[in-house]
Amino acid sequence: MSTQQQEPETQEAPEDPEMKGTQSPQERRLEEKESGLTEDADSAGDLEGETVHLKVFRYDPEVEGKQEPRFDDFHVPFEKGMTVLDAVMYARDEYDSSLTFRHSCRQAVCGSDAFFVNGKQRLGCKTQIVELEQPVRIEPLPHQEVVKDLVVDMDHFYDQMHAVEPYFQDEETPAAADLEEQRQSPENREKIKMSSRCIWCGACMSSCNIAAGDNEYLGPAAINKAYKFAMDDRESEAIKEHRLRILEQEHGVWRCQTQFSCTEVCPKDIPLTEHIQELKREAVKKNLKFW
Amino acid sequence: MSQSYNRGLIEDFGRWKEFSAGMWAWIFHKFTGWMLIGYLFTHIAVLSTAIGAAQGETMMLASEQVDVYTGTIQGLESLFIIRVLEVGLLAVAVFHILNGLRLLMVDLGIGLTAQDKSFYASLILTGVITVASVPTFLTGVGL
Ligand code: HEM
Ligand code: SF4
Ligand code: FES
């Protein structure tokens, strides 16, 4: 043994319920599934060998017969573990190659396949068909313009994401040549952990009534992105203040009316409303003066 | 991209069946808040008849000469519709207060994971209090 291996220090169980393993959102979902709380879970076993009835939104400004939006019906053979994305892919590959939607990773990582499924924003690849009532109604995300079929224009969403300067800013970053690490404390890492999980799917923004009525509202995802950096101890106080100044503008955190719709739809279980509320309090604290 | 399809506002409101607890809480809170403001004005209008009464103004109520303040209030309270509206006002105020406390907790970041349950609790409590108030509000009114 040439290298000295240090015994790892014993660790306290972290506060975060997800780390403690008391009940993570995933466990909650599993529990709900087992106890039959999810929509129509009884039919789970009965779908074997049957077909799934999809109603898919269709629209294409460039095709004569599709300029009027309509719903098309597809009957797709069910397979164990089939997701909504699997189902629409089958429909596209076998029935209608013009059926258009975005997808890439198929494992809830790339964020390209958020749809409006049975009245709720969900990731196609993360939504099991057995959990849904039939017919499964699949629409493009509401509150975004439809380009074609299930494809919506995401430009505005991306603009809002970029508006909060979503990159690390610190003058004290060591020069790359020094090969120094810029360490973050484990506690601070835990603090921003959930906020760092965003996959830019846009489900939250689409679910938000306020964002629907106020096009300039930054929206939950962008505010959450700002939270990730504002709460990072390694950035200086001055930069945190700069970030709060962006967030407390007219169309920033104060537009949030705590409807929790974003938190409910986020496929990565980010506590968006909680983060927005915390930033509201930070913004107030910064402006409070007792003199 | 040559064209895109905007589904517009009508479809937004058409989605009300898909609203979640927090969205309903927000709508009800707005509605009840503005109802209370509306009541405030009628309240001031009725109470301000006391100014007239202090100056000796009178009116006829059930062929009796009474001062204008007493007359206005007794006249209104004898109407069944006013009693029903009072029950409604209580319901609106109770919901606004309970959900207002819920919103204060939400603003303080307390119990955020139970926000839907606290909304349902506000609704149920409002219902119970409203029903319990009916006998009090409807005593001695001729139909
Ligand atoms: C104990 C009594 C009350 C509590 C706890 C309470 C609580 C609240 C809270 C927390 C809000 C802010 C909601 C938000 O975050 O946007 C609010 C809004 C409001 N409240 Fe109250 N409130 C009370 C009584 C009243 C009364 C008596 C009136 C009317 C005279 C009233 C009228 C309103 C109005 C108009 C709004 C704004 C609604 C909107 O957003 O358009 N409230 N209330
Ligand atoms: S916060 Fe959640 S819902 Fe919103 S874009 Fe990120 S992953 Fe999607
Ligand atoms: S396909 Fe990548 S998130 Fe669903």
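The values are calculated or read from the model by the stated rules, or taken from the named source; none is laboratory data. If you're wondering where the values come from, they're calculated on a predicted model, not measured in any experiment. Cβ sites come from the backbone with ideal geometry, for glycine too, and all protein chains shown count toward neighbours. The protein model used for the area step is the full one, side chains on, heavy atoms only, and it has no ligands, DNA or RNA in it. Shrake-Rupley method; radii C 1.70, N 1.55, O 1.52, S 1.80 Å.
Things to note:
- Amide H contacts of A:Arg137 (H built 1.01 Å from N, under 5 Å, at least 5 apart or other chain): A:Lys55, A:Asn118
- Number of partner chain Cβ atoms within 10 Å, mean per residue of B:99-111: 2
- Under the span-like rule (Cα at least 24 Å along the axis, Kyte-Doolittle mean at least -1.0), DSSP H helices of chain B: B:21-47, B:80-108, B:115-137
- Chains B and A together bury roughly 2400 Å² of accessible surface, counting both sides and using a 1.4 Å probe on protein heavy atoms.
- Listed peptides B:88-96, A:267-275, B:131-139 by packing density, highest first (mean Cβ within 10 Å): A:267-275, B:88-96, B:131-139
- Probe 1.4 Å, accessible area per residue of segment A:27-152, Å²: 49
- Judged by the mean number of other Cβ atoms found within 10 Å, the most tightly packed of the peptides A:201-208, A:132-139 leads the ranking A:201-208, A:132-139.
- Any cysteine of the protein assembly as shown lacking a neighbouring Cys Cβ under 4.7 Å - listed by number: A:Cys125, A:Cys198, A:Cys201, A:Cys208, A:Cys256, A:Cys266
- The residues of segment A:232-265 occluded by other protein chains by 30 Å² or more of accessible area, set against the chain on its own, are A:Gln257, A:Thr258, A:Gln259, A:Phe260, A:Glu264; surface from heavy atoms, 1.4 Å probe.
- Cross-link pairs beyond the 23 Å C-alpha cut-off, checked among A:Lys225/A:Lys280; A:Lys280/B:Lys30; A:Lys228/B:Lys30; A:Lys280/B:Lys17; A:Lys225/A:Lys289; A:Lys55/A:Lys80: A:Lys228/B:Lys30; A:Lys280/B:Lys17; A:Lys225/A:Lys289
- Relative contact order (%) - chain B, alpha-carbon pairs under 8 angstrom, separation at least six: 27
- The protein assembly as shown, accessible surface, carbon-and-sulfur percent (1.4 angstrom probe): 56
- Residues in segment A:129-158 that, when all protein chains are in place, have 50 Å² or more less accessible area than the chain alone would give (probe 1.4 Å): A:Glu145
- Peptide A:111-119 has a mean of 1 when you count, residue by residue, the C-beta atoms of other protein chains within 10 Å of its C-beta.
- If you run the Gaussian network model on chain B, springs between alpha carbon atoms under 10 Å, then out of B:Met105, B:Met35, B:Met60 the most flexible one is B:Met60.
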